[in-house]
Amino acid sequence: MKEIFFMVTDILFITLAVLLAVYNLLYFIQAKKASVKLGIPLPFLLRKMLVVNVVLPFIVILIILIV
Amino acid sequence: MGGNGQVEQFKTYELNRGLRFNEKLLIITRKHWFVLVPPLMAILGGGFLFSALIVLLNIYVPFLQNSSLPFTSILLLLAFISSLIIKMVVDWYFHIYIVTTRKILEVCHTPLAASCVNEVLLDKVRCTEVDVNVNGIINEFIDIGDVILTFDRPTHQEEFMLENIKNPRNVGLFLSDVLDQGQRTLTPPVWFKQKDKFEGGGNGHRFRFIDDITPKYQAGGLL
């Protein structure tokens, strides 16, 4: 019973993390496009934060898979 | 004026590309960064509460004590919170107000969700009011407020609001000067529509020529 519970939560968390990563990646691409379209460059810090935001869910997936 | 300083600040943004001949940028501004603080606090507070709940579950539910579930759930929560915060900041960053000698623009772009461009051509409308609203002690202290421009169009009245901007009083004064100057160069309308049904002898909402009200000429010569 315990094993099944942990397996289900792991699958759920990985699914959520993948969805979040995909969303963040699309958001990053759209934000870059918008900055070019509007002629408003994203500041360095914001750009880096967007990249971190894309990478972070993948790190979470890795940790879930390792642990 | 602060507006010119802001134009200098945004010079690298190449917004001049969209300007027509003889059109100059007057103000480019966005909402004050302080508007981000309340939702940021709410997100961080919510995140803290969830984390506390996870820690409590870890303490009081025996079979979770030796598992990695609390750790991974807090990590996922952190990723989710960081996404929300970045989204909020980027949405704020892409919401700008632009005033040129020819038009007033509100450009907002929410990646993956929405985008809007509200534009008022100043040579097509008549600005009747420039109102400045500063509400609350915090807004008064850090100088945030709304500038509301009321335009009188032939068919209806319309408001254009520059919300939660920095230095609203200076911007309001600057805009009222600019719009006043602009309107002096415009030709007055040749007709208008009565707002009151019974105005002008009870003819209903009829269109009337300006010369009927303030005649420049009469039979026999200039008044």
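The values are calculated or read from the model by the stated rules, or taken from the named source; none is laboratory data. Since this is a predicted model, take the numbers as computed values, not measurements. Backbone-built Cβ (ideal geometry, glycine too); neighbour counts: all protein chains shown.
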- Take region B:34-84 and flag every residue that is touching a residue at least 60 places away in the same chain (Cβ under 8 Å) and surrounded by fewer than 17 Cβ atoms within 10 Å (Cβ to Cβ). B:Phe34
- Query: Limited to region A:33-66, what total is found for residues that are in contact (Cβ under 8 Å) with a residue 12 or more places away in the chain and either more than 8 Å from chain B (Cβ to nearest Cβ) or in a loop (DSSP other than H, G, I, E, B) (or both)?
  - Reply: 5
- Task: Mind listing whichever residues of region A:21-32 are among the aliphatic types (A, V, I, L, M), more than 8 Å from every other protein chain (Cβ to nearest Cβ) and surrounded by 15 or more Cβ atoms within 10 Å (Cβ to Cβ)?
- Result: A:Ala21, A:Leu25
- Item | Subset of region B:57-84 [modelled with pLDDT of 90 or more, out of contact with any helix residue (DSSP H, G or I) (no Cβ under 6 Å at 6 or more places or on another chain) and more than 7 Å from chain A (Cβ to nearest Cβ)] | B:Leu78
- Task: Could you tell me which residue of region B:134-153 is farthest from B:Ile98 (Cα to Cα), considering only residues that are of a type in the set (A, V, I, L, M, F, W, C) and touching a residue at least 24 places away in the same chain (Cβ under 8 Å)?
- Result: B:Ile138
- Quickly run through region B:91-118 and pick out the residues that are in a strand (DSSP E or B), within 14 Å of another protein chain (Cβ to nearest Cβ) and either free of Cβ contacts under 8 Å to residues at least 40 places away in the same chain or among the charged types (D, E, K, R) (or both). B:Leu105, B:Glu106, B:Val107, B:Cys108, B:His109, B:Thr110, B:Ala114, B:Ser115, B:Cys116, B:Val117
- For B:Lys124: the one exception among (1) more than 14 Å from chain A (Cβ to nearest Cβ); (2) of a type outside the set (Phe, Trp, Tyr); (3) under 25 Å from A:Met49 (Cβ atoms): (3)
- In region A:8-20, how many are over 14 Å from B:Leu112 (Cβ atoms) and more than 7 Å from every other protein chain (Cβ to nearest Cβ)? 7
